[in-house]
Amino acid sequence: MNKLIISNLNKTYPNGVKALDNVSIEIENGMFGLLGPNGAGKSTLMRTLATLQEADSGTAFLDELDIIKHPTELRKVLGYLPQEFGVYPKITAEQILNHLSVLKGITNTKERKELVKYLLNKVNLYDKRKKSVKGFSGGMKQRIGIAQALIGNPKLIIVDEPTAGLDPGERNRFYNLLAELGEEVIVILSTHIVDDVRELCTKMAIMDEGRIVYHGSPQNAINELNNKVYEKMISREELEEYNKTYSVISNKMVGGKPLIHILSDENPKNGFQLVSPDLEDVFFTKTNIANLKINNHV
Ligand code: ADP
């Protein structure tokens with residue numbers, strides 16, 4: 001069992017943006033979802049853990065290993081799949097994995113050959129090993145990205161916004177692969193897509209404006225909202241009025257009309273229906289409500 005302990009990480013960029021504001025989390029083996037809107041600070045945190053950039057203060061330990069003090073040691077046990085995995089267009093899947101294995105220090109030719117074969121099988125690309133990655137679909141490229149992240153038996157795997165640009169079938173295959181990995185090591189999945197976390201993760205954190213605003217299981221967060229979320233279909237003209245009157249957590253267009261979800265301790269009547277809360281309600285409540293309260297004078 002591995003454990004990642006992040007304590008009081010802070011980072012302010014030279015332009016004054018505080019991207020990490022006293023971030024502390026403990027993460028164990030399994031799939032961990034880091035959910036947050038764009039600009040929340042997820043990539044900054046992922047890049048700090050991947051030792052690609054430095055925090056201003058704070059610590060992060062993977063078991064006994066001090067990540068901040070010993071980045072080279074961490075890199076030996078890290079698999080990182082960045083948002084954009086830059087693949088080399090003219091070479092084959094087999095060549096790219098071979099090349100990256102050399103870079104990761106696997107110098108024994110026989111060992112490397114076996115590893116590349118294992119990785120290609122693992123991500124279901126063995127049949128395509130002689131094909132140029134140039135012609136690969138988005139999902140196949142992501143699987144090459146995962147394969148390279150697995151070189152060297154990592155204890156910590158970080159995937160940053162992995163499903164952008166994948167079609168539903170590719171996304172499913174990618175999910176299955178991640179879920180399998182999560183059984184043995186720590187996998188951190190950073191995403192702004194609520195479905196990614198709902199379908200894959202047993203533990204999660206929600207990040208907003210550099211801070212961890214929730215840490216726990218998706219189900220507990222949903223349970224906290226039981227009997228508090230109401231929905232109503234309204235017209236577009238009414239939206240502004242409802243925003244002023246109620247604590248609107250989301251509005252979604254359904255057949256051209258806004259379907260709003262509101263947060264309320266009591267039954268607001270007025271045509272609202274109580275609904276079973278879902279993770280999307282949690283996400284919007286945790287990341288929006290502070291602003292909404294100010295705007296709505298609740
Ligand atoms: P996320 O991954 O959740 O979208 P980021 O970590 O990319 O969030 O960004 C967090 C905040 O820090 C944003 O306001 C972003 O504009 C800012 N930011 C990110 N990288 C830099 C940088 N290199 N210089 C200045 N500001 C940055």
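Taken together, the values in this text are just the output of simple stated rules run on the coordinates, not laboratory data. Computed from a predicted model, the values in this text were never measured in an experiment. Quick reminder, even Gly has a Cβ in these numbers, built from the backbone with ideal geometry, and neighbours come from all protein chains shown.
Here the Karplus curve 6.51 cos²θ - 1.76 cosθ + 1.60, taken at θ = phi - 60°, turns the phi angles of region 29-37 into couplings of 3, x, 8, 10, x, 10, 10, x, x Hz, with x standing for Gly and Pro. Per residue, the convex hull spanned by the alpha carbons of the chain comes to 157 Å³. Take the Cα of residue 238, step 7 Å toward its Cβ, do the same at residue 209, and the gap between the two points is 3.1 nm.
Share of antiparallel DSSP beta bridges in region 149-234, in percent to the nearest 5? The antiparallel proportion sits near 50 percent.
Taking 7 Å steps out from each Cα toward its Cβ at residue 224 and residue 59 produces label points 2.8 nm apart. Pair-distance distribution of region 47-179: all C-alpha pairs, bin width 10 Å, starting at 0; shares per bin in whole percent are 12, 40, 34, 13, 1. Taking the longest Cα principal axis of the chain as reference, the axis of helix 279-296 is set at about 50 degrees.
For the chain, relative contact order (Cα pairs under 8 Å, six or more residues apart, normalised by length) works out to 21 percent.
Partners of residue 76 within straight-line reach, counting aspartates and glutamates whose Cα lies under 12 Å from its Cα and excluding those fewer than 8 residues away in the same chain: none found.
Compute the signed sum of charges (Lys and Arg +1, Asp and Glu -1) over the other residues within less than 13 Å, Cβ to Cβ, of residue 277. Its environment carries a net charge of -2. Aspartates and glutamates near residue 110 by alpha-carbon distance under 15 Å, same-chain residues fewer than 8 away left out - which ones? Within the straight-line limit of under 15 Å, residue 110 reaches these aspartates and glutamates: 94.
Note on region 224-291: Cα convex hull, mean projected area over all directions, 4.5 nm². Think of each Lys and Arg Cβ as +1 and each Asp and Glu Cβ as -1; about the Cα centre, that makes the dipole of the chain roughly 1340 debye. Ordering 225, 242, 285 by the projection of their Cα atoms onto the charge dipole of region 224-291, which places +1 on the Cβ of Lys and Arg and -1 on the Cβ of Asp and Glu, puts 242 at the extreme positive end. The aspartates and glutamates whose alpha-carbon is closer than 14 Å to the alpha-carbon of residue 69, local same-chain residues fewer than 8 away aside, are 54, 56. Relative to one another, the C-alpha centroids of region 113-185 and region 204-268 are positioned 35 Å apart.
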